[in-house]
Amino acid sequence: MVYRRMHFSFFIIFLFSLHFLTFAESPVDSLPESFPVKTVENITVSPDGKFILCSGSKLALYDFAGKELWYEDFPLGSYCLAAFTPSEIICALSGSREIQMRTLEGKQLPGFKTPQDIISLAVSRDGTMIAAGGKEYGLHLWDRKGNLILGFTGLTDWAGSLAISPDNKTLASGGSWWSKTEAEIILWAIDGSGRKVLDEKQKAGIHLEYSPMGDYLLSGSFQRNKLILWDTSGKEIQSYSRDLEFGNRFTFCGDYIISIKREDSYNVNPGVLQIWSIDGTFLDTIAFPGKDCASVAAIPGTSWIVIGQLYTADNPFILEFLDIGTYKHTLPHDKTGKIIFNTKDVIPSKIFEPQPPIIVKSGVPLDSFSSIAFSGDEKQMIMTGYNDGPKLQFWDLSGESIGTFTIKSSFIDNAIYAPSGQALLVLGEPLSLMSTKGESLTTFPADIPYMGGAFLAGDAIIAGSFERKNEEEIIGIVYLFDKEGRLIKELARTTDYFRGLSTNPPGDKFLCYGEKKVFLFQGDGTPLSTIKNESWEIRSSAFLGTREEILILYNPKSKDSIDATWCGIYDFTGKFLRRFKIADNGSSSSPAVSPDGNYIACRFFEAIKVFSPFGTLLEENLDSTQSMDWFIRFSPGGNYLVCNFPGEKGALPLKLWKVK
């Protein structure tokens with residue numbers, strides 16, 4: 001057991017040509033959400049982004065569709081270090097004295113012997129130089145044919161981590177997991193002109209990596225809760241720290257730094273991935289419950305990373321993919337174009353500022369509530385509910401009643417302002433249109449069983465319905481109406497009985513969702529994508545504001561039980577981007593999404609919680625009324641978050657927060 005843990009400190013370094021601030025089009029047409037592999041103790045991606053190399057107790061090569069191209073097994077207790085060159089694979093067994101080589105097809109090529117037992121391996125970006133650290137307190141650098149370029153012995157510690165700068169001018173070395181003292185980080189001039197010891201010592205599994213352009217060197221260790229960024233002269237220019245001990249693996253991905261922490265030995269804490277902008281701005285923490293983050297690598301020329309996960313329920317080893325580019329964080333630069341480094345978080349500590357409660361000053365208070373909506377100018381609100389029948393109640397933000405109107409409907413579920421602000425769509429049975437002064441404009445055909453509605457651009461209206469084919473098959477139907485409520489045509493059909501539908505802010509797309517599927521359409525009914533998963537139960541789905549992304553709130557189902565509530569994010573093509581857990585059980589409600597997509601507010605029995613679109617918990621206890629009978633909405637301009645909460649009739653029906 002000790003031997004295996006010791007080997008988790010070995011590091012594989014290969015540097016790719018990836019420029020800051022730009023992401024080229026991915027060479028991978030489509031990435032799966034995940035796929036199983038033989039091992040994930042170390043993962044490396046080929047320079048052309050076409051292959052993934054997994055190394056450790058085995059050596060295996062995969063394409064990005066998850067196809068295993070070949071693999072090689074090793075004797076019990078052996079551990080393989082490996083890295084790509086532009087055309088080959090360089091590898092070595094830990095404790096051996098031989099550098100081995102393979103073609104991309106797995107064919108063995110001639111290698112060469114080393115003078116010490118190998119404990120670490122690094123390969124230059126162009127594949128012309130190979131470095132190895134040895135157990136006899138030395139490190140060596142060779143050319144591709146095994147000719148010695150540099151050799152150093154008599155180090156104060158084992159060189160358990162190595163990195164070669166992209167310009168092939170510097171070899172960086174650090175310590176190892178089993179260091180007895182804090183190890184030095186040393187920059188060695190490859191031309192033999194000298195060395196520089198950095199003003200930092202770290203113990204237990206130092207990891208070193210150069211940025212793709214070679215402007216920076218990043219260092220970190222298993223036991224330190226800090227990463228340090230150095231310039232090429234060895235000057236510390238930035239550090240990255242949170243209330244978390246880091247794992248010994250991290251990587252650069254464009255302008256971002258990605259670090260992982262392994263699950264603890266008692267399986268109490270999940271594997272964790274943390275994301276920073278290189279300027280020091282902390283962006284996100286993503287937890288992987290039940291999984292052990294073992295390794296991480298960037299896919300060259302893209303904004304994607306691949307994460308090696310251990311010990312999942314379905315498969316011992318899997319690779320998962322995450323698009324870091326969706327964070328869309330803009331770096332500050334000076335007039336010369338140089339990055340301005342800072343240590344401030346991108347998200348302020350307090351975002352939602354409580355406003356005085358809106359009290360009913362006049363009018364008839366509603367006995368029960370079913371929804372809240374803002375007018376487009378954010379000057380008035382409507383609440384739907386009941387008081388001797390279904391009613392609409394109009395208020396201004398001071399609590400003055402503008403009017404209360406009875407609806408000719410068997411029930412009322414919601415009301416939505418038209419984009420023009422000239423009308424209201426009242427979602428009841430049947431649907432109806434009203435003016436903003438409460439005047440009835442039209443009633444929709446009563447022979448259609450309605451399942452929600454929404455406005456498209458130009459005040460056109462879509463309404464959801466269903467059709468029962470037989471006892472087991474129910475299909476969803478979307479109808480298109482003009483702004484006067486006249487039926488134009490059947491717009492779309494779905495293969496799943498859907499629970500709701502919504503439109504994006506521009507009003508040129510709509511989605512509808514059922515228990516297992518989400519369907520995305522152009523505004524004219526042209527299908528764009530279908531997202532489905534047989535192992536989940538969808539609670540709700542919505543557009544993530546103006547971001548070209550879709551939010552799906554779901555519960556993974558295990559047999560007859562419902563697990564935690566998760567939020568999955570997908571792009572408009574249906575490609576999975578990321579996911580994060582928002583609750584340990586199925587108690588959360590439909591979320592409210594801010595118009596810009598930066599905030600996701602969810603109500604729970606005990607509180608309202610607000611998340612970033614990447615899973616960061618921004619507000620943990622925005623309100624604690626001890627009730628699920630809440631309805632939360634963002635205003636159209638994103639300046640307010642509002643919710644009702646139960647109290648004495650007419651006392652404090654609404655709470656309002658100003659969004660900073």
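The values are calculated or read from the model by the stated rules, or taken from the named source; none is laboratory data. Because the structure is a prediction, the values reported are computed rather than measured. Every residue, glycine among them, receives a Cβ derived from its backbone with ideal geometry; neighbour counts consider all protein chains shown. These area figures cover heavy atoms from the full protein model, side chains too; ligands, DNA and RNA do not enter into them. Shrake-Rupley method; radii C 1.70, N 1.55, O 1.52, S 1.80 Å.
Give the ranking of Asp596, Asp143, Asp255 by solvent-accessible surface, highest area first, calculated with a 1.4 Å probe. Don't jump to the answer; show the numbers that get you there.
On the way: Asp596 65, Asp143 40, Asp255 15 Å².
Accessible-area ranking of Asp596, Asp143, Asp255, largest first: Asp596, Asp143, Asp255.
Positive end of the charge dipole of region 77-176 (Lys, Arg +1 and Asp, Glu -1 on Cβ, about the Cα centre): tell me which of Ala163, Ala131, Gly146 has its Cα farthest that way.
Positive-end residue among those listed: Gly146.
Which cross-chain or sequence-distant (5 or more) residues have an amide H under 5 Å from the amide H of Trp304, H modelled 1.01 Å from N in plane?
Close amide H contacts, sequence-distant or interchain: Ile299, Ile324.
Any of Lys437/Lys483; Lys107/Lys261; Lys261/Lys658; Lys67/Lys575; Lys408/Lys532 with alpha carbons more than 27 Å apart? Name them for me.
Violating the 27 Å Cα-Cα cut-off are Lys107/Lys261; Lys261/Lys658; Lys408/Lys532.
In whole Hz and in residue order, list the ³J(HN,Hα) couplings for region 427-442 that follow from phi through the Karplus curve 6.51 cos²θ - 1.76 cosθ + 1.60, θ = phi - 60°; x for Gly and Pro.
8, x, 10, x, 6, 8, 10, 10, 6, 6, 9, x, 7, 6, 9, 6
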